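The values are calculated or read from the model by the stated rules, or taken from the named source; none is laboratory data. Since the structure is predicted, the reported quantities are computational estimates derived from the model, not experimental observations. Note: ideal-geometry Cβ built from the backbone for every residue, glycine included; neighbour counts use all protein chains shown. For the accessible areas, the whole protein counts, side chains as well, though only heavy atoms, and no ligand, DNA or RNA atoms are used. Shrake-Rupley method; radii C 1.70, N 1.55, O 1.52, S 1.80 Å.
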Amino acid sequence: MAKLLLDELLMFSRKAVLNAVSRAMQLRKTAPGPDAACEDEAAPWPIAVDGTAGNGVDTEFLAQAVEEGGLVLAFDVQGEAIAATADRLEKSGVSDRVRLVKDNHDRVRAYLPKSAKVLAAMFNLGYLPGGSSDLSTLAESTIASLEALQELMAPGGVISVHCYTGHDNGQEELEAVEAWAARLPWPEWRVLRYEFCNKKTNREVLFLAHC
């Protein structure tokens, strides 16, 4: 059987993000002017966050999704990841709508425009593809970032978190994300969980939290 061009879980993640962005942009067209999702008229809209820029794959996707006038904040603590992402964005012609941030994603609040809200956020946890597995995302900072975003999301927004257990911190991080997702209040949030139940090694789980 031919392998899919995109990982199956990635397809679910991207579809959720595109649905959130397209709905919001359609509402914006039919009801122009300031709204609850973006109180500051000067703020870009829509705003998306890539919590783990890596090699720029998700950052490029988000930049294409928000279109001209939108903004993507892409975080990574590794200089090589920021450089790789910048190169990818330049080649695809969308670098003007992305702000690359060499900092931990748990400081997301500090980089958002005043009163702006986030419509979509993506986290592809673990370590830099092609890099050392010794430097990876950690449960503590990941949860701090998710909790910050929880308060910053626009109505109808989505947070996508793809967890991998094939590294030293992976299982702990998965359990922490699962606990965070379970704590989200049902009236305001809906969380979907996707995983390969027959994958025997390097288990991975995708969480989609809709508000």
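Of note:
- Considering region 24-83, the residues that are aliphatic (A, V, I, L, M) and at pLDDT below 75 include one that is nearest to the chain's Cα centre (by Cα), namely 37.
- Summed over region 56-82, the residues that are on the phi > 0 side of the Ramachandran plot and charged (D, E, K, R) give a count of 1.
- The criterion of being modelled with pLDDT under 95 and in a helix (DSSP H, G or I) does not hold for residue 90.
- Flag set for residue 116, criterion: assigned to a loop (DSSP other than H, G, I, E, B) and open to solvent by less than 60 Å² (accessible area, probe 1.4 Å).
- Within region 193-211, restricting attention to residues that are in contact with a Phe, Trp or Tyr (Cβ under 9 Å, 6 or more places away or on another chain), in a loop (DSSP other than H, G, I, E, B) and not polar (S, T, N, Q), the residue that is most open to solvent (accessible area, probe 1.4 Å) is 203.
Results for (1) of a type in the set (Phe, Trp, Tyr); (2) assigned to a helix (DSSP H, G or I); (3) in contact with a Lys or Arg (Cβ under 9 Å, 6 or more places away or on another chain), shown as yes or no for each residue.
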site: 140; (1), (2), (3): no, yes, no
site: 157; (1), (2), (3): no, no, yes
site: 168; (1), (2), (3): no, no, no
site: 182; (1), (2), (3): no, yes, no
site: 187; (1), (2), (3): no, no, no
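- Unmet requirement for residue 147, which otherwise passes all of (1) open to solvent by 30 Å² or more (accessible area, probe 1.4 Å); (2) modelled with pLDDT under 95: (2)
- Every condition in (1) open to solvent by less than 80 Å² (accessible area, probe 1.4 Å); (2) in contact with a strand residue (DSSP E or B) (Cβ under 6 Å, 6 or more places away or on another chain) is met by residue 190 except one, and the failing one is (1).
- Qualifying residue in region 50-65 (condition: part of a loop (DSSP other than H, G, I, E, B), touching a residue at least 24 places away in the same chain (Cβ under 8 Å), surrounded by fewer than 24 Cβ atoms within 10 Å (Cβ to Cβ) and among the polar types (S, T, N, Q)): yes
- Index of the failed condition, residue 125 passing every other in (1) within 27 Å of residue 12 (Cβ to Cβ); (2) at pLDDT below 95; (3) open to solvent by 20 Å² or more (accessible area, probe 1.4 Å): (3)
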